[in-house]
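Worksheet: the structure to be examined is printed underneath.
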Amino acid sequence: MHKSNQTGQLQNGPTRLPLYHKTVLENGIRVVSETIPYVRSVSIGIWANVGSRDESGTENGITHFLEHMVFKGTKSRSVRDIAQSLESLGGYLNAFTTKEQTCFYARVLDEHVEQAVDVLSDLVQHATFKKEELEKEKLVVIEELKNTEDDPEDIIHDYFEKALFPTHSVGFPIIGTETNVRAFTRHDLQTHVAEHYVAPTMVVAAAGNVDHHALVKLAGKYLTHVRASGEPVSRIQAPTKPTKATTQEFTRPIQQSHVCIGTVAYSIKHKDRYPLIVMNALLGEGMSSRLYQTIREKHGMAYSVYSFVNLLSDAGSFGAYIGTDKKNIAGATELMRSEFDKLRRKLVSMAELDRTKSQIKGTMMLGLENMSGRMMRLGSSEVYFNTFTSLDEILKKVDAVTSESIHRVANDLLSEERLSTIVIRPS
C-alpha cells in the first residue's frame, strides 16, 4: 500500500510528545501527520498543488470555482448530505484556494477520523458538477466577487499583485472575473480536475490525536480514484524583479483612501526569506511596529496600517498598506517611504531586533495551540519542500537573522526605483 516511511520526533517543548510521520502511497499521494496524544481533536486536509497562478486568462477563477462546486454534490452525497456529514458529529468542513494550492479540510473528534477522510476523499474524487448546481453557484461566486470589489482594503491587494506581475498569472485574482465565472462549464471543471488533481501533486495532512498507520490505511482505502500517472502541469517562472515600478490610481464611492506600496520580493525557498520575514515584522506587524507607531500613534493619520509579505514557490511580494483620509494620502505615503528609507540607511538596533524575534517566535509557538494551524503548516511544508521543517529549525533560522542581513534585504528590495504604488481614492 505504501512505498516509503519517514518518522521523526518534533522538538516542540520539554515533553517532546508530538510525532511526525510521512508515508508515500503506491499511487504517489503523500500522507503526513503530527500525532499529538494529549488532545481529542484531529484536523485533516487534502491538498492539491494547484492555484490561480496555474490558470490561463480565460480560466482565471476556475480553481476557486471548483473549490466551491465540490460541495454541491457527489455521486453518493447531496448538497445537504455534505453539509450534515461532519456538522452532525460536531465537526467542521471547509476549503480554501490560494495562488498555488487548494486545500479541503475538516476538524473532528479523534473518533470520527474515518468519516472525515471519507467525506474529504469523496469531494476531491467524485464531485458531479450538475448543471443546475453549477448555475446556482455561479451566482454565489459572483456575489462573493462583488463583496470583494466593495471592500477596498481587500481589493487593493489584487490591484497591487496585478501591478507587480502585469503579464504573469501570479497577478491574477484568485476569485477570477465575472465574465469567466459565467462561462465555466461542467467540462471545464472535469478537465481541470483531470489535469491538476493527480496523485504526485497531492498531500493528505493531519494533526492531532491521530494514529499515522490508521491514517495511511484510510487514505489507501478512500483515495483510490485519484489518477496515479501524470506529471503536474509545469508552472511558468514568475518574475523575481519588477519589470517596471508603477503608480496606479483608482476611484470608488467610498469615504476613506487606501494605499499599497511595495515590490516583487523573494520566494519561499530564497536564502534571505527569514531576514525578510523579520524585517516585515518590525516594520508593520503589531502595535509596536515602526509603521504603526509612526503613522497611527505619532501622526494620527490611520486606523489601519501594516506591512505584509507573500512567499510563493518561485517569487513573492512585499508591501505596506494604509487606510487614511484623502487629504493625508501624500503625507502618509511619504511617512511610509521614509520608514523604508530608514531601514536602508541605518542598521536595526540589537534591542529592536531581539524584541521582533521574540514576537515572531511567540506568535509561531502560540499558533501550535491550534490543530488546524498545525495541519496547515504540515501540509504547506510538504507541498513546498517535500519534507517537514520542525519548529526548532525555523526558530534557529529566525534567531540567525542579523541587523546586517535585514539591511542587505532592505537595500535590495526597498530602493525607490523598485517601489510600485496603488491608490484607491474616494470618488
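Brief remarks follow.
- Residue separation of T177 and Q84 scaled by 0.36 nm, minus their Cα-Cα distance, works out to 30.4 nm of gained length.
- Our Cα-only numbers for the stretch 378-424 put the radius of gyration and Dmax at 16.1, 42 Å.
- Long pairs among K244/K342; K244/K396; K269/K327; K244/K346; K99/K361; K326/K397, criterion Cα-Cα beyond 31 Å: K244/K396; K269/K327; K326/K397
- Contour excess over end-to-end distance, with Cα ends at T167 and R425 and 0.36 nm allotted per residue: 90.4 nm
- Only one residue of T402, Q237, C260 has its Cα farthest out toward the positive end of the dipole of the chain, where Lys and Arg carry +1 and Asp and Glu -1 on Cβ, and that residue is T402.
- Excluding ligands, DNA and RNA, the accessible surface per residue across the chain is 44 Å² with a 1.4 Å probe.
- Projected label points at T191 and K342, each 7 Å from Cα along the beta carbon direction, are separated by 5.3 nanometres.
- Residues H299 and D354, FRET efficiency given R0 of 35 Å [Cβ-Cβ distance, rounded to 0.05]: 0.85
- Percent accessible area from carbon and sulfur atoms, the chain, protein chains only, probe 1.4 Å: 52
- Amide hydrogen neighbours beyond the local backbone of D325, cut-off 5 Å, H modeled: S257
- Scalar couplings 3J(HN,Hα) for the stretch 92-103, obtained by applying the Karplus form with A = 6.51, B = -1.76, C = 1.60 to θ = phi - 60°, are 9, 9, 6, 7, 8, 10, 10, 5, 10, 9, 10, 9 Hz; x denotes Gly and Pro.
- The stretch 122-182 - percent relative contact order, Cα under 8 Å, separation 6 or more: 32
- DSSP loop GluC sites (Glu not before Pro) with at most 16 other Cβ within 10 Å excluded, longest remaining stretch of the chain: 27-368
- Taken as Cα centroids, the stretch 30-59 and the stretch 151-228 sit 9 Å apart, rounded to the nearest whole angstrom.
- The slack in the chain from E369 to T387, taken as 0.36 nm per residue of separation less the alpha-carbon distance, amounts to 4.3 nm.
The values are calculated or read from the model by the stated rules, or taken from the named source; none is laboratory data. Just so we're clear, the structure is a prediction, and the values are computed from it rather than from any experiment. Ideal geometry is used to build each Cβ from the backbone, glycine not excepted, and the neighbour counts take in all protein chains shown. These accessible areas exclude ligands, DNA and RNA; they are computed on the full protein's heavy atoms, side chains included. Shrake-Rupley method; radii C 1.70, N 1.55, O 1.52, S 1.80 Å.
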